[in-house]
Amino acid sequence: MTKTKTDQLFATPTKDIADFVFDQSVVDVFPDMINRSVPGYGTIINTIGLLAQQYIQADSHAYDLGCSLGAGSLAMAQGANTEQFHIFGVDNSQAMVERGNAMMQQSAFGKFITIQQGDLCTQTIENASMVVLNFTLQFISPSKRLGVLENIYAGMRPGAALVLSEKICFDDPLSQQTNVMLHHQFKQSNGYSALEISQKRTALENVLEPETLDCHFQRIHQAGFQHCNAWFQCFNFASIIAIK
Ligand code: GEK
(Lines give C-alpha, C1' and ligand atoms only; values in the text may rest on other atoms or scores of the structure.)
Protein backbone atom coordinates (compact mmCIF):
# COMPACT_ATOMS: atom_id res chain seq x y z
CA MET A 1 0.00 0.00 0.00
CA THR A 2 1.25 3.51 -0.81
CA LYS A 3 1.63 5.58 2.36
CA THR A 4 0.30 9.14 2.27
CA LYS A 5 2.58 11.77 3.75
CA THR A 6 1.68 14.93 5.67
CA ASP A 7 1.53 18.02 3.47
CA GLN A 8 4.37 20.40 4.38
CA LEU A 9 4.96 21.73 0.86
CA PHE A 10 4.50 25.37 1.84
CA ALA A 11 5.91 25.22 5.38
CA THR A 12 9.29 26.80 4.55
CA PRO A 13 9.46 30.55 3.81
CA THR A 14 10.08 30.97 0.08
CA LYS A 15 10.99 34.21 -1.73
CA ASP A 16 9.60 33.56 -5.20
CA ILE A 17 6.66 31.19 -5.01
CA ALA A 18 6.11 29.34 -8.28
CA ASP A 19 2.65 28.63 -9.71
CA PHE A 20 1.08 25.49 -8.26
CA VAL A 21 1.55 22.31 -10.33
CA PHE A 22 0.31 18.77 -9.69
CA ASP A 23 3.76 17.16 -9.69
CA GLN A 24 5.21 14.19 -7.78
CA SER A 25 5.66 16.21 -4.57
CA VAL A 26 1.93 17.04 -4.60
CA VAL A 27 0.97 13.46 -5.45
CA ASP A 28 2.95 12.22 -2.42
CA VAL A 29 0.86 14.33 -0.01
CA PHE A 30 -2.37 14.68 -2.01
CA PRO A 31 -4.90 12.83 0.20
CA ASP A 32 -3.67 14.68 3.29
CA MET A 33 -3.60 18.01 1.42
CA ILE A 34 -7.11 17.84 0.00
CA ASN A 35 -8.69 16.54 3.20
CA ARG A 36 -7.13 19.30 5.32
CA SER A 37 -7.79 22.04 2.72
CA VAL A 38 -11.27 21.44 1.29
CA PRO A 39 -14.15 21.61 3.78
CA GLY A 40 -16.51 18.69 3.23
CA TYR A 41 -14.22 16.79 0.84
CA GLY A 42 -14.97 13.45 2.56
CA THR A 43 -18.71 14.17 2.55
CA ILE A 44 -18.61 15.04 -1.14
CA ILE A 45 -16.73 11.85 -2.05
CA ASN A 46 -19.19 9.75 0.00
CA THR A 47 -22.12 11.50 -1.66
CA ILE A 48 -20.69 10.81 -5.13
CA GLY A 49 -21.00 7.14 -4.11
CA LEU A 50 -24.63 7.64 -3.09
CA LEU A 51 -25.41 9.45 -6.34
CA ALA A 52 -23.76 6.62 -8.28
CA GLN A 53 -26.27 4.19 -6.71
CA GLN A 54 -29.02 6.21 -8.28
CA TYR A 55 -27.49 7.38 -11.54
CA ILE A 56 -25.00 4.84 -12.91
CA GLN A 57 -26.95 2.76 -15.39
CA ALA A 58 -26.23 -0.67 -16.88
CA ASP A 59 -24.21 -0.63 -20.13
CA SER A 60 -23.12 2.96 -19.63
CA HIS A 61 -19.95 4.91 -18.85
CA ALA A 62 -19.08 7.26 -16.01
CA TYR A 63 -16.33 9.88 -16.14
CA ASP A 64 -14.21 11.42 -13.40
CA LEU A 65 -12.59 14.44 -15.06
CA GLY A 66 -9.51 15.73 -13.24
CA CYS A 67 -9.61 12.55 -11.18
CA SER A 68 -6.28 13.01 -9.33
CA LEU A 69 -5.80 9.70 -7.45
CA GLY A 70 -9.27 8.44 -8.35
CA ALA A 71 -11.21 9.01 -5.12
CA GLY A 72 -14.35 9.97 -7.08
CA SER A 73 -13.94 7.02 -9.46
CA LEU A 74 -13.62 4.62 -6.55
CA ALA A 75 -16.69 6.09 -4.83
CA MET A 76 -18.72 5.68 -8.05
CA ALA A 77 -17.53 2.10 -8.55
CA GLN A 78 -18.39 1.22 -4.94
CA GLY A 79 -21.82 2.84 -5.21
CA ALA A 80 -22.96 1.52 -8.61
CA ASN A 81 -25.89 -0.88 -8.52
CA THR A 82 -24.79 -2.73 -11.64
CA GLU A 83 -21.59 -4.49 -12.78
CA GLN A 84 -22.21 -3.48 -16.42
CA PHE A 85 -20.47 -0.12 -16.45
CA HIS A 86 -17.03 1.38 -16.89
CA ILE A 87 -15.51 4.46 -15.30
CA PHE A 88 -12.93 6.58 -17.10
CA GLY A 89 -10.77 8.76 -14.86
CA VAL A 90 -8.86 11.47 -16.72
CA ASP A 91 -6.07 13.68 -15.43
CA ASN A 92 -3.37 15.64 -17.23
CA SER A 93 -0.75 15.08 -14.51
CA GLN A 94 1.38 12.06 -15.33
CA ALA A 95 2.41 11.66 -11.68
CA MET A 96 -1.28 11.60 -10.60
CA VAL A 97 -2.22 9.08 -13.28
CA GLU A 98 0.61 6.69 -12.38
CA ARG A 99 -0.18 6.72 -8.65
CA GLY A 100 -3.95 6.72 -9.29
CA ASN A 101 -3.73 3.64 -11.49
CA ALA A 102 -1.62 1.81 -8.91
CA MET A 103 -4.20 2.64 -6.23
CA MET A 104 -7.14 1.50 -8.37
CA GLN A 105 -5.41 -1.81 -9.11
CA GLN A 106 -4.89 -2.34 -5.35
CA SER A 107 -8.60 -1.78 -4.74
CA ALA A 108 -11.37 -4.34 -5.21
CA PHE A 109 -12.85 -2.19 -8.01
CA GLY A 110 -9.89 -1.92 -10.40
CA LYS A 111 -11.63 -3.81 -13.19
CA PHE A 112 -14.33 -1.14 -13.40
CA ILE A 113 -11.93 1.82 -13.62
CA THR A 114 -9.41 3.04 -16.21
CA ILE A 115 -7.37 6.11 -15.33
CA GLN A 116 -5.72 7.75 -18.31
CA GLN A 117 -3.60 10.82 -18.92
CA GLY A 118 -5.36 13.48 -20.95
CA ASP A 119 -6.79 16.97 -21.10
CA LEU A 120 -10.39 16.95 -19.88
CA CYS A 121 -11.13 19.80 -22.33
CA THR A 122 -10.71 17.41 -25.27
CA GLN A 123 -11.94 14.22 -23.61
CA THR A 124 -14.47 12.18 -25.60
CA ILE A 125 -17.62 11.63 -23.53
CA GLU A 126 -19.88 8.83 -24.75
CA ASN A 127 -22.92 7.07 -23.33
CA ALA A 128 -22.41 8.67 -19.92
CA SER A 129 -24.86 8.12 -17.09
CA MET A 130 -22.72 10.07 -14.58
CA VAL A 131 -19.91 12.63 -14.88
CA VAL A 132 -17.88 14.08 -12.01
CA LEU A 133 -15.89 17.31 -12.09
CA ASN A 134 -14.73 17.39 -8.47
CA PHE A 135 -12.72 20.58 -7.91
CA THR A 136 -11.32 20.56 -11.43
CA LEU A 137 -13.21 23.06 -13.60
CA GLN A 138 -11.67 25.76 -11.36
CA PHE A 139 -8.29 24.99 -12.96
CA ILE A 140 -9.60 25.40 -16.53
CA SER A 141 -9.49 28.84 -18.14
CA PRO A 142 -12.98 30.44 -17.78
CA SER A 143 -13.11 30.97 -21.56
CA LYS A 144 -13.04 27.16 -22.04
CA ARG A 145 -15.51 26.23 -19.30
CA LEU A 146 -18.70 26.45 -21.39
CA GLY A 147 -17.15 24.24 -24.09
CA VAL A 148 -16.25 21.65 -21.44
CA LEU A 149 -19.83 21.54 -20.14
CA GLU A 150 -21.32 21.43 -23.65
CA ASN A 151 -19.07 18.50 -24.54
CA ILE A 152 -20.11 16.66 -21.36
CA TYR A 153 -23.80 17.38 -21.98
CA ALA A 154 -23.59 16.08 -25.55
CA GLY A 155 -22.09 12.78 -24.34
CA MET A 156 -24.64 12.16 -21.58
CA ARG A 157 -27.75 10.03 -21.68
CA PRO A 158 -31.06 11.76 -20.90
CA GLY A 159 -31.50 11.71 -17.11
CA ALA A 160 -27.72 11.47 -16.50
CA ALA A 161 -26.11 13.43 -13.65
CA LEU A 162 -23.18 15.82 -13.56
CA VAL A 163 -21.56 16.57 -10.19
CA LEU A 164 -19.64 19.85 -10.28
CA SER A 165 -17.74 20.77 -7.11
CA GLU A 166 -15.87 24.06 -6.99
CA LYS A 167 -14.18 26.62 -4.82
CA ILE A 168 -16.52 29.60 -5.23
CA CYS A 169 -16.42 33.37 -4.69
CA PHE A 170 -19.06 35.93 -3.77
CA ASP A 171 -20.10 39.20 -5.43
CA ASP A 172 -20.79 40.75 -2.05
CA PRO A 173 -17.42 41.89 -0.57
CA LEU A 174 -18.37 41.13 3.05
CA SER A 175 -19.56 37.62 2.17
CA GLN A 176 -16.33 37.08 0.23
CA GLN A 177 -14.18 38.29 3.13
CA THR A 178 -16.12 36.28 5.73
CA ASN A 179 -15.99 33.02 3.79
CA VAL A 180 -12.28 33.37 2.97
CA MET A 181 -11.60 34.01 6.66
CA LEU A 182 -13.67 30.98 7.69
CA HIS A 183 -11.77 28.83 5.19
CA HIS A 184 -8.46 30.03 6.63
CA GLN A 185 -9.71 29.22 10.15
CA PHE A 186 -10.69 25.76 8.88
CA LYS A 187 -7.17 25.24 7.51
CA GLN A 188 -5.56 26.50 10.69
CA SER A 189 -7.72 24.16 12.77
CA ASN A 190 -6.37 21.35 10.54
CA GLY A 191 -2.78 22.24 11.43
CA TYR A 192 -1.73 24.59 8.61
CA SER A 193 0.25 27.66 9.73
CA ALA A 194 -0.52 31.21 8.57
CA LEU A 195 2.66 31.03 6.43
CA GLU A 196 1.55 27.79 4.74
CA ILE A 197 -1.90 29.23 4.03
CA SER A 198 -0.51 32.45 2.61
CA GLN A 199 2.18 30.78 0.44
CA LYS A 200 -0.30 28.25 -0.95
CA ARG A 201 -2.70 31.08 -1.78
CA THR A 202 0.07 32.84 -3.73
CA ALA A 203 0.90 29.61 -5.60
CA LEU A 204 -2.76 29.17 -6.61
CA GLU A 205 -3.39 32.80 -7.57
CA ASN A 206 -2.77 32.41 -11.32
CA VAL A 207 -3.90 28.79 -11.48
CA LEU A 208 -7.27 28.47 -9.73
CA GLU A 209 -10.01 30.91 -10.75
CA PRO A 210 -13.18 30.65 -8.63
CA GLU A 211 -16.55 31.96 -9.84
CA THR A 212 -19.86 32.67 -8.09
CA LEU A 213 -22.54 29.99 -7.76
CA ASP A 214 -24.79 32.12 -10.01
CA CYS A 215 -22.14 32.14 -12.71
CA HIS A 216 -21.94 28.32 -12.54
CA PHE A 217 -25.74 27.93 -12.63
CA GLN A 218 -26.02 30.20 -15.68
CA ARG A 219 -23.31 28.31 -17.56
CA ILE A 220 -24.82 24.92 -16.66
CA HIS A 221 -28.17 26.04 -18.11
CA GLN A 222 -26.44 27.53 -21.16
CA ALA A 223 -24.79 24.15 -21.78
CA GLY A 224 -28.28 22.62 -21.98
CA PHE A 225 -28.99 21.15 -18.52
CA GLN A 226 -32.58 21.65 -17.43
CA HIS A 227 -32.09 21.05 -13.70
CA CYS A 228 -29.37 22.05 -11.28
CA ASN A 229 -28.95 22.90 -7.63
CA ALA A 230 -26.18 23.20 -5.04
CA TRP A 231 -26.60 20.19 -2.77
CA PHE A 232 -23.59 21.15 -0.61
CA GLN A 233 -21.92 24.33 0.51
CA CYS A 234 -19.42 25.00 3.27
CA PHE A 235 -17.83 28.46 3.27
CA ASN A 236 -16.38 29.08 -0.21
CA PHE A 237 -16.71 25.48 -1.41
CA ALA A 238 -19.81 24.07 -3.09
CA SER A 239 -21.03 21.05 -4.98
CA ILE A 240 -23.73 21.22 -7.65
CA ILE A 241 -25.75 18.44 -9.21
CA ALA A 242 -27.05 19.01 -12.74
CA ILE A 243 -29.36 16.61 -14.56
CA LYS A 244 -29.72 16.29 -18.35
C1 GEK B 1 -10.67 14.32 -6.27
N2 GEK B 1 -11.16 15.21 -8.48
O3 GEK B 1 -9.86 13.81 -5.47
N4 GEK B 1 -7.23 18.04 -17.75
C5 GEK B 1 -7.22 17.01 -16.88
N6 GEK B 1 -6.94 17.16 -15.56
C7 GEK B 1 -6.66 18.41 -15.12
C8 GEK B 1 -6.66 19.52 -15.98
C9 GEK B 1 -6.95 19.30 -17.36
N10 GEK B 1 -6.97 20.30 -18.25
N11 GEK B 1 -6.34 20.63 -15.25
C12 GEK B 1 -6.15 20.21 -13.99
N13 GEK B 1 -6.33 18.87 -13.89
C14 GEK B 1 -10.12 15.02 -7.48
C15 GEK B 1 -9.47 16.30 -7.05
S16 GEK B 1 -7.66 18.19 -7.91
C17 GEK B 1 -8.31 19.47 -6.96
C18 GEK B 1 -9.10 17.19 -8.20
C19 GEK B 1 -7.35 20.17 -6.09
C20 GEK B 1 -6.25 18.01 -12.71
C21 GEK B 1 -4.99 18.19 -11.87
O22 GEK B 1 -3.88 17.49 -12.40
C23 GEK B 1 -5.45 17.66 -10.51
O24 GEK B 1 -5.14 16.31 -10.35
C25 GEK B 1 -6.97 17.88 -10.53
O26 GEK B 1 -7.31 18.35 -11.83
C27 GEK B 1 -7.47 18.88 -9.53
O28 GEK B 1 -11.90 14.26 -6.11
O29 GEK B 1 -6.23 19.70 -5.87
O30 GEK B 1 -7.76 21.25 -5.56
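Key figures for this structure:
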read-out	value
Surface per residue (accessible, 1.4 Å probe) for the chain, Å²	46
Per-residue HN-Hα couplings for the stretch 13-25 [Karplus 6.51, -1.76, 1.60; θ = phi - 60°; Hz; x = Gly/Pro]	x, 10, 6, 10, 7, 6, 4, 5, 10, 8, 9, 4, 5
Separation in nanometres of the label points that stand 7 Å from Cα toward Cβ, at N46 and R157	2.8
Which listed pairs, of K167/K187; K111/K167; K5/K144; K15/K167, have C-alpha distances above 23 Å, in listed order	K111/K167; K5/K144; K15/K167
The stretch 182-244 - Kirkwood radius from inverse mean 1/r over Cα pairs (Å)	13.8
Anchor K200: aspartates and glutamates whose Cα lies under 16 Å away (excluding residues fewer than 8 positions away in-chain)	D7, D16, D19, D23, D32, E209
Residue-wise HN-Hα coupling along the stretch 133-139, computed from phi with Karplus coefficients 6.51, -1.76, 1.60 (Hz; x: Gly, Pro)	10, 9, 6, 10, 4, 4, 9
Mean shadow area of the chain, taken as a quarter of the surface of its Cα convex hull (nm²)	12.5
Heavy atoms of F20 accessible to a 1.4 Å probe, total area in Å² rounded to 10	20
For the stretch 1-76, projected area of the alpha-carbon convex hull averaged over all directions, nm²	6.7
Gaussian network model of the chain, Cα within-10 Å springs - most flexible of L149, L182, L65	L182
Total formal charge among the other residues, if their Cβ is under 14 angstrom from that of V163, Lys/Arg +1 and Asp/Glu -1	-1
List H216, H61, ordered by accessible area with a 1.4 Å probe, largest first	H61, H216
Listed peptides 45-52, 127-134, 153-160 by packing density, highest first (mean Cβ within 10 Å)	127-134, 45-52, 153-160
Fully extended contour minus Cα-Cα distance, from N190 to D214, at 0.36 nm per residue	5.7 nm
Extension gain (nm, one decimal) between Q105 and V207, 0.36 nm per residue minus Cα-Cα	33.6 nm
Under Karplus coefficients 6.51, -1.76 and 1.60, residue-wise ³J(HN,Hα) of the stretch 215-232 in Hz, glycine/proline x	4, 5, 4, 4, 5, 4, 5, 4, 6, x, 5, 8, 10, 7, 7, 7, 8, 9
Percent of alpha-carbon pairs separated by more than 18 Å within the stretch 79-141	41
Rounded to 10°, Cα long-axis angle of helix 142-154 versus longest principal axis of the chain	20
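The values are calculated or read from the model by the stated rules, or taken from the named source; none is laboratory data. Please read all numbers here as calculations on a predicted model, not as lab measurements. As a convention, Cβ positions derive from the backbone with ideal geometry for all residues, glycine included, and neighbour counts pool all protein chains shown. These area figures cover heavy atoms from the full protein model, side chains too; ligands, DNA and RNA do not enter into them. Shrake-Rupley method; radii C 1.70, N 1.55, O 1.52, S 1.80 Å.
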